[in-house]
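Input: a single structure, listed below in structure tokens.
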Amino acid sequence: MKNRVLGVFLFICIFFYGRCDEGMWLLNLIGELNYNDMQKLGCKLTPDQIYSINKSSLKDAIFQLMNEVKGEYVGFCTAEAVSPNGLIFTNHHCGYDAIAKLSTVERDYLTEGFWAKNYSEELPVEGLYASRIVKIEDVTNRILEGIKNAVSEEEKKTLIKKAIEKIEKEAKENTHYEAKVKEFYAGNEYYLFVFEVFKDIRLVGAPPSSIGKFGGDTDNWMWPRHTGDFCVFRIYTAPDGKPAKYNKDNIPYKPLYYLPISLKGIKPNDFTMIIGFPGQTERYLTASGMTFKRDVFNPTLIKIIEKKLNIWKNFMNINNEIRIALASEYAALANAYKLWLGEVENLRKTDVIEKQREFDKQFVKWANSIEDKKYSTLVEDYSNLYKSMAKPITHLIYISVALLQGSSQVLKVQEFMHLKSLLNSKNVDKAELKKNIEELRVKVDDIFKEYYPQLDKEVFFEMLKMYYRNIPKEEQLKFLSTDLPKKYKGKTIENTIYLFVNNVFSKSIFTDKKRMLEFLNNPKAKILNNDPLIHFFEGIIGEYQFKIVPAYTSMNSKLEVLNKKYIEALRKFQPDRKFYPDANGTMRLTYGTVQPYKPKDAVYYNYITYLDGVIEKMDDSNPEFKVSSRLVELYNKKDFGRYAENNRLPVAFISDNDITGGNSGSPVINGNGELVGIAFDGNWDWLCSNYVYNKNLQRTINVDIRYVLWVIDKFANCSHIMNELKIIE
Ligand code: ARG
């Protein structure tokens, strides 16, 4: 009976919206917008139990993992509290950077895993933060009120910025909280987020990569999946319970709420909700926008990053130090690279763009039919703008990704620009000069950290070659089209690049630590004035900053204006549709059910995988598919304890929840509010999910919590961790 009701309900949803489990919803609005749907699917909690600002609720167990970049908090993953002592679960790939940082060739936690036996063995991770949302507030009226009379877009922007600063300042007053106002629906709404940032996060446990990253880049973004993608951290606070930076006297955090864990498992059609911090989606693109991604944006990045990854991989394969040092950045790049590939393939092979074109047509028809004609040219405006953006964006990507970030040393030149002007000024302030030199001396280690000259040289060479090949001469930066060829007159371009790169790596102070230290011992203007890498940097940065970037910024502003107008129009065009805002790194909830799927003709994918699949995929000759002998031993003994289901150990499962990057590590919660899994991936069969949701093909891949607990309990023997958890059998 229940199933039939569910069936009819789903049918109606599909019929009217085609997007029932679609949406990344704001938690403060679910009572109003989603709660009825959620209940029908099997949610037993009340909206108040999920999100409340007056008493502890589910949201208090969910954290955003962050780093601090130039004084700004940048979120990258999600984690959830699972014990009264501040223990949090997240993905192995979310902790990967931390684990890599703590690893050395001798203590290789990436490969071997790590398990602290007690509090004192837990390892502080510098620069890793976890933040908790205190409250979410709609501040749209306050912001838009102030721009009513603004005449230009410029003025609007300035007024909005001022209003935001004021609201944030007020929200922080007399508290230890942080506050951030974020734009939603392309600037049609604004919400204030007040949050608390914990700054002492320690690594408690991580499985070896043969579990946490099993299947590597081959299986990444794929189902069926057999990765135990989880790791464990603990939040610490000052003795008074407030956030504090690492201190040995800090104590484990007492969360306001933590998740009970269910060992009952999941089956198809079970309710699942995921709360986390999705980073970015673009769900309101026109067909021209999607075409732009497919034909311009993604292919450009794919081409550049593919080259870089190949060179890196070759060096990482033969050198352990390089492998560990570059592991985290490589994984992140490889992950994005495969996503971009999958997006292009999906946009090409499916009828997504065709369908959108149909929709755009209907939209235009409507826009022409209403009295106010202000939306009638929108679709065409988008199309024209995207066309005009193709070349400049391609060039911008080449300069920033291939030229400025190709070699790790190019941007480091900036550190020395002040010294260069000091040394070249007539009446130099001796004290200031001395101070600057001392400051630079301190930075030298950092400048050459994770710098491998041979690798760097090859990347630099190949990136330059790509630039010359792919950017038409008349568009190239003057330094590259004219200055450099002039210097190596009569040589072919290939030869020019070769000679120039050799010069950089044999002469520049930025490509050899000894040279840099010698220079700092006896700094002369002449050396900096003749440094070939400085020439390169100066040669491109001016034109880049004053021509290429402003051209991009102005196009982007036009795009922002169109986006705002388009969302405003869409809401009038489809007054009955429930709209959710694009992901923007703020806390969201997505609900759905556990679902198998059919990726293509004659193929059916089950909703769950088991440890048997790990053994099937096991391949000792392939580092991505190695399995530890301990795991094989436990498998052979069938030592699965209470974590098995019919004598088989579940590893991962899929649900039709709507997530994206940033959601990694998010809790998958059943109808009773218990943890049943940790979300960690999307699936290849619908990788264009950042643009369009698809109920039939899009799946969230989750590691089954029973596998997580089995690894902690049986594989790693960490009974002290198990004792902290609240387990529902
Ligand atoms: N695809 C996952 C995500 O975007 C990341 C998986 C990382 N693993 C890897 N093999 N690169 O969340």
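Along the range 216-227 the Karplus relation, 6.51 cos²θ - 1.76 cosθ + 1.60 evaluated at θ = phi - 60°, assigns HN-Hα couplings of x, 6, 5, 8, 3, 6, 10, 10, x, 10, 9, 9 Hz to successive residues, with x for each Gly and Pro.
Less than 5 angstrom separates the built amide H of Asp138 from those of Leu192, all sequence-distant by 5 or more or on a different chain. Under a model in which nothing but the beta-carbon of Lys, Arg (+1) and Asp, Glu (-1) is charged, the range 198-346 shows a dipole of about 280 debye around its Cα centre.
Cα centroids of the range 340-405 and the range 538-570: how far apart, whole angstrom? The distance from the Cα centre of the range 340-405 to that of the range 538-570 comes to 15 Å.
Ignoring aspartates and glutamates fewer than eight residues from Lys117 along the same chain, the ones with Cα atoms less than 16 angstrom from its Cα are Asp713, Glu724.
Potential lengthening of the chain between Asn67 and Glu624 amounts to 197.7 nm, from the contour at 0.36 nm per residue minus the alpha-carbon distance.
Alpha-carbon geometry of the range 577-720: the Rg and the Dmax are 17.0, 54 Å, given in that order. Take the Cα of Ser369, step 7 Å toward its Cβ, do the same at Lys578, and the gap between the two points is 2.6 nm. Applying 0.36 nm per residue to the separation of Asn470 and Val561 and subtracting their alpha-carbon distance, the gain on full extension is 29.7 nm.
Per-residue packing, averaged as other Cβ atoms within 10 Å, sorts the ranges 266-274, 676-684 into the order 676-684, 266-274, beginning with the highest.
Taking other Cβ atoms within 10 Å as a rough exposure proxy, Cys718, Cys688 sort from fewest to most as Cys718, Cys688. Suppose we look only past 20 Å in the calculated P(r) of the range 596-653. What percent of the Cα-Cα pairs does that tail hold? Within the range 596-653, distances greater than 20 Å cover 38 percent of Cα pairs.
Using Cβ counts within 10 Å as a stand-in for footprinting exposure, how do Tyr257, Tyr236, Tyr707 rank, fewest first?
Arranged by neighbour count, lowest to highest, Tyr257, Tyr236, Tyr707 become Tyr257, Tyr236, Tyr707.
Taking the Cα centre of the chain as origin and assigning +1 to Lys and Arg Cβ atoms and -1 to Asp and Glu Cβ atoms, the resulting dipole is close to 1160 debye. Partners of Lys245 within straight-line reach, counting lysines whose Cα lies under 20 Å from its Cα and excluding those fewer than 8 residues away in the same chain: Lys70, Lys101, Lys172, Lys199, Lys254. Between Asn495 and Val428, the simple spin-label model (points 7 angstrom out along Cα→Cβ) gives 3.8 nm. Coupling constants for the range 462-473 follow from the phi torsions by the Karplus curve (6.51 cos²θ - 1.76 cosθ + 1.60, θ = phi - 60°), and in residue order they are 5, 5, 4, 4, 4, 4, 4, 6, 9, 9, x, 3 Hz; glycine and proline get x. Residues whose amide H falls under 5 Å from that of Val668, counting only those 5 or more places apart or on a different chain, are Val676, Gly677, Ile678, Ala679, with hydrogens built in the peptide plane.
Dividing the mean sequence gap of close Cα pairs (under 8 Å, 6+ apart) by how many residues the chain holds gives a relative contact order of 23 percent. Among residues other than Ala186 with Cβ under 15 Å from its Cβ, the summed charge is +1 (Lys and Arg +1, Asp and Glu -1). Between amide H atoms placed 1.01 Å from N, distances below 5 Å from Tyr253 occur with Ile235, Tyr236, Thr237, all of them 5 or more places distant or on a separate chain.
Note on the chain: dipole from Cβ charges, positive end direction compared against Pro208, Trp25, Ala336; the farthest Cα belongs to Ala336. Note on the range 258-347: lysine pairs with Cα distance below 29 Å, sequence gap of 8 or more or different chains, count 10. With the largest listed first and rounded to whole Å, the semi-axes of the equivalent ellipsoid of the chain from the Cα gyration tensor are 42, 34, 27. This ranking places Glu371, Glu432, Glu415 by how few other beta-carbon atoms lie within 10 Å of each, fewest first, which gives Glu371, Glu432, Glu415.
Relative to the Cα centre, what is the charge dipole magnitude of the range 687-729, using +1 at the beta carbon of each Lys and Arg, -1 at the beta carbon of each Asp and Glu, and rounding to the nearest 20 debye?
Numbers: 5 positive and 4 negative charges, 47 e Å.
Roughly 220 debye, rounded to the nearest 20.
Mind jotting down the distance between the C-alpha centroids of the range 462-505 and the range 129-198, whole Å? Comparing the Cα centres of the range 129-198 and the range 462-505, I get a distance of 46 Å.
Full-extension gain between Val632 and Lys487, please, as 0.36 nm times their residue separation minus the C-alpha to C-alpha distance. Intermediate results must be reported in sequence, preceding the final value.
Numbers: separation 145, 0.36 × 145 = 52.20 nm, distance 6.19 nm.
That works out to 46.0 nm of additional length.
Here's the picture: charge each Lys and Arg Cβ at +1 and each Asp and Glu Cβ at -1 in the chain, and of Leu411, Asn503, Tyr253 the one pushed furthest to the positive end of that dipole is Asn503. Note on the chain: dipole from Cβ charges, positive end direction compared against Leu301, Ile534, Ser131; the farthest Cα belongs to Ile534. Using the rule -39500 (n - 2.57) for each DSSP H run of four or more residues, divided by the residues of the chain, the 222 nm mean residue ellipticity is -13000 deg cm²/dmol.
Read-outs throughout are calculated quantities, based only on the coordinates presented, and are distinct from any laboratory measurement. Predicted, not measured: the structure shown is a model, and the values here were computed from it. Here Cβ is always computed from backbone atoms with ideal geometry, including for glycine, and neighbour counts include all displayed protein chains.
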